[in-house]
1. Which fully enclosed helices (runs of 4 or more DSSP H) of the stretch 108-188 have 2 or more residues being closer than 30 Å to ARG763 by Cβ and in contact with an Asp or Glu (Cβ under 8 Å, 6 or more places away or on another chain)?
2. Determine the pairs where a residue that is polar (S, T, N, Q), located within the stretch 188-200, has a partner that is assigned to a strand (DSSP E or B) with Cβ atoms under 9 Å apart, the partner being 6 or more residues away or on another chain.
3. Do the conditions hold for ILE666, that is, is it in contact (Cβ under 8 Å) with a residue 60 or more places away in the chain, assigned to a loop (DSSP other than H, G, I, E, B) and of a type in the set (A, V, I, L, M)?
4. When only residues in the stretch 523-541 that are farther than 15 Å from GLU509 by Cα and not charged (D, E, K, R) count, which is surrounded by the most Cβ atoms within 10 Å (Cβ to Cβ)?
5. Only one of these is without any contact (Cβ under 8 Å) to a residue 12 or more places away in the chain and more than 10 Å from the ligand (Cβ to nearest atom): GLU579, GLU531, GLU585. Name it.
6. Filter the stretch 417-437 for residues that are touching an Asp or Glu at 6+ places or on another chain (Cβ under 9 Å) and among the aromatic types (Phe, Trp, Tyr) and give the result.
7. Among the residues of the stretch 535-542, are any touching a Phe, Trp or Tyr at 6+ places or on another chain (Cβ under 9 Å), aliphatic (A, V, I, L, M) and modelled with pLDDT under 95?
Amino acid sequence: MTAVDEVKIGGMGASRRRVEDNRFIRGKGNYVDDIVLPGMLHMEILRSPLAHARIKSIDASKAWAMPGVRLVLTGETMAARNLAWMPTLSYDTQAVLATDKVRFQGQEVACVIADDPYIAKDACEAIFVDYEPLPPIVNPMQSLADGAPLIRDDKENQSDNVIYDWEVGDREGTDRAFAQADLVSKIELHYPRSHPSPIECCGSIADFNRSTSKLTVYMTTQAPHIIRAAVALVAELPEQMIRIVSPDIGGGFGNKVPVYPGYVASILASILLERPVKWIEDRTGNLISTGFARDIYLHGELALRKDGRILGVRMKATADHGAFFSDAQPSKFKIGLMHSAFACYDIPNAHLLARGVYTNKAPGGVAYRCSFRVTEAMFFQERMVQAAADDLGMDQAEFRRVNFVRDDDFPHRTPWGFLTDSGQYSKCLDVGLEAIGYQDFLKEKEEAAKRGRLLGIGISTMTEPLGAGNSREYDILGIKMFDSAELKIHMTGKALLRTGAKSQGQGHETTWAQIVAHELGLPAEDILVEEGDTDTAPFGMGTYASRSTPVAGAAVAMVSRKIRAKARKIAAHLLEISEEDVEWELGRFYVRSQPERGVTIQECAMAAYSNMPDGMEPGLENVAYYDPPNLTWPFACYIVTVEVDPETGVWDVLRLVAVDDCGVRINPMIVEGQIMGGLTEAYAMANMQFITFDEYGNCIGSNFTDYLLPTAWETPGFELHEVVTPCPHHPIGAKGIGECAAVGGPAAFVNAVMDALKGTGTRNIDMPLFPDRVYEALQTGADVSGAPPVRIGEA
Ligand code: CDP
């Protein structure tokens with residue numbers, strides 16, 4: 001029995017329409033570029049045309065002389081204030097404006113602040129930089145070669161281009177497993193560079209008010225509180241005098257986690273000029289300088305028994321980080337959570353060797369819709385799994401099933417140390433196979449082959465770690481990873497909820513209210529959700545790595561429970577009974593022995609301000625900081641069927657089935673939207689997105705005619721299915737979902753094309769699977785590498 005119908009009040013499980021869309025679809029969103037402040041100036045950035053060059057001199061006199069120019073910032077200006085370099089989120093340093101050298105094409109060299117953006121742009125072009133070109137290094141092989149030029153000669157004790165060598169797992173145990181193997185399956189892969197493509201690029205408006213000493217920065221950040229801490233520490237400003245406001249954000253996907261030079265320069269400019277300074281990045285600036293992801297080479301090996309069991313896994317990964325190591329990732333793990341690979345499989349031995357290198361490319365390693373390298377991990381895993389099944393001559397679905405962690409084996413400790421706690425992996429696979437009509441497709445494929453048609457089926461199954469922390473193991477720059485929610489119930493029973501997360505389009509304003517509705521029985525429409533203003537929101541680590549539901553969402557449930565606990569005392573007072581005799585049903589407290597006698601949560605709210613028990617602190621509000629006991633481990637099974645045209649190498653998706661288990665779904669419609677978006681990105685990565693660098697370090701892919709975004713026309717149709725295994729430690733049983741499809745999806749597409757090519761000799765084609773690459777494979781029967789020749793595994 002409940003006082004209110006949970007679905008009707010928009011609680012858990014309701015496919016409630018997104019409240020934020022009211023303003024978005026009317027064009028009333030409030031993005032950084034919509035904000036206009038009195039007296040505001042505009043900043044433009046002059047970027048390096050060269051990938052590697054020494055700066056001999058910078059002559060900005062012509063720019064200074066242009067009418068309307070208020071300030072020109074160069075590395076020298078920054079250095080005078082100790083701001084030429086800034087710390088990165090991975091304990092490296094990054095140039096704000098170049099002083100000694102430029103280290104990638106597009107690097108920030110100077111900034112002009114002027115009355116309007118056009119004057120600023122023209123003035124940038126009037127700055128003369130005298131460069132002495134140096135040999136550019138565009139891949140790890142060049143970077144690691146003997147005699148390679150030193151990219152980071154600014155760093156003391158840096159004698160080569162290696163950033164780190166990192167190792168995890170049991171090397172000897174894994175060697176023993178390989179010695180016992182009936183078969184060793186090997187594969188070499190490159191996960192190419194890619195770039196998030198939010199509709200809104202990065203930008204900031206810094207507004208320093210000398211009379212109050214307050215610095216307000218409106219900016220596109222997914223983690224406002226981290227930015228506030230960074231500004232306080234780097235600029236040595238008092239933290240209480242810094243206000244970071246992240247208004248509506250037109251998509252983030254990881255692009256808006258790091259600190260970029262444009263933010264820092266606009267802040268300094270505002271402090272120097274005592275006027276608001278706006279910087280809005282253009283698309284090319286975004287695509288060539290901020291937020292690169294992936295770019296990892298893998299040599300992978302699986303030790304296999306004849307019956308299909310995997311005895312051990314070895315991975316050697318070499319990550320190209322570009323000129324600065326600026327990944328946002330937990331401090332402990334040099335290559336993110338790469339070692340979460342194979343978590344859904346029961347494998348006794350595993351060893352990972354990871355190496356990070358500098359190159360003359362923009363900083364890479366952003367967790368693009370991904371929990372810190374998990375996308376690469378799961379792609380490598382599923383490509384290795386399919387290659388191994390083929391090497392064994394075993395059905396790819398059966399190979400997975402044989403090796404899955406079984407439902408009754410949880411909690412399960414992976415050989416790399418993660419603890420997975422729940423899942424129904426075989427069931428998800430079965431749902432997917434049933435939906436796609438697996439056996440029928442295999443027969444169809446065989447028949448088609450007789451007529452020269454190439455059909456293929458690709459599977460990708462994975463569990464991934466979402467929701468960093470817990471704080472014991474996860475921190476960024478020493479700041480522990482937890483999150484927060486603050487809930488204020490007004491006397492009329494309406495509420496204001498604030499969290500430390502920050503939506504970039506995921507619909508937090510809708511779903512957080514649903515959690516409160518579920519916990520308290522207040523209608524979701526009575527709850528206003530606010531995020532993104534550090535002056536009002538409780539401290540949080542921000543939104544990335546699909547951590548909002550696992551961490552901030554949990555905090556929302558916990559703060560609601562604190563409110564309910566206080567409301568129970570008020571209810572006892574109103575009902576004139578002892579608290580022990582009070583029962584709760586959704587939306588109402590009642591007398592255990594007389595269920596018809598009760599008070600609603602709204603009545604308790606009114607009493608909290610007008611008729612509270614003697615000695616009780618008035619009001620009904622609270623805050624909860626939630627430190628999760630573990631990550632959440634959603635599971636996904638993506639199955640794709642394709643037909644490859646043997647004459648052209650063009651491949652078409654026939655069907656795409658997705659089975660996602662993200663635990664309890666708060667809003668099924670939003671969850672499905674997340675999955676569709678992720679699958680679209682996965683398809684783009686597998687099929688069309690290419691951002692690379694020529695031998696001079698020129699970025700190829702600096703606009704949307706070269707770096708392609710799929711439209712509804714190209715994107716395949718989705719067939720979505722669900723399995724629900726509640727997360728055992730999350731207060732409402734939810735697991736993250738935001739990035740699952742982007743993480744698990746790419747391998748399903750590639751596996752499908754490779755399945756169509758099975759028997760031709762080709763074991764791998766690197767993404768994107770352009771028709772010419774597929775055609776080349778069909779002609780040669782050899783692997784097609786998207787990268788220069790690499791033998792990382794032999795290193
Ligand atoms: O951190 P981020 O918001 O990107 O990812 P998420 O926590 O996976 O949530 C994405 C969106 O899906 C949010 O609006 C969540 O509230 C919603 N969601 C849900 O309705 N049910 C789940 N089990 C997981 C997420």
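1. In the stretch 108-188, the matching helices (runs of 4 or more DSSP H) lie at 140-144.
2. Within 9 Å, the pairs are SER194/ALA293; SER194/ARG294; SER194/ASP295.
3. Here the answer is yes, as ILE666 does meet what is asked.
4. GLY540
5. GLU579
6. Hit for the stretch 417-437 is TYR425, nothing else.
7. Yes.
Residues checked against (1) touching an Asp or Glu at 6+ places or on another chain (Cβ under 7 Å); (2) not assigned by TED's automatic domain parsing to the domain that holds HIS42:
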| position | (1), (2) |
| --- | --- |
| LYS278 | no, no |
| ARG294 | yes, yes |
| LEU304 | yes, yes |
| LYS334 | no, yes |
| ALA350 | no, yes |
| ALA367 | no, yes |
| PHE380 | no, yes |
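The values are calculated or read from the model by the stated rules, or taken from the named source; none is laboratory data. Owing to the predicted nature of the structure, the values given are computational and were not obtained by experimental measurement. Using ideal geometry, Cβ is built from the backbone for each residue, glycine included, and neighbour counts are taken over all protein chains shown.
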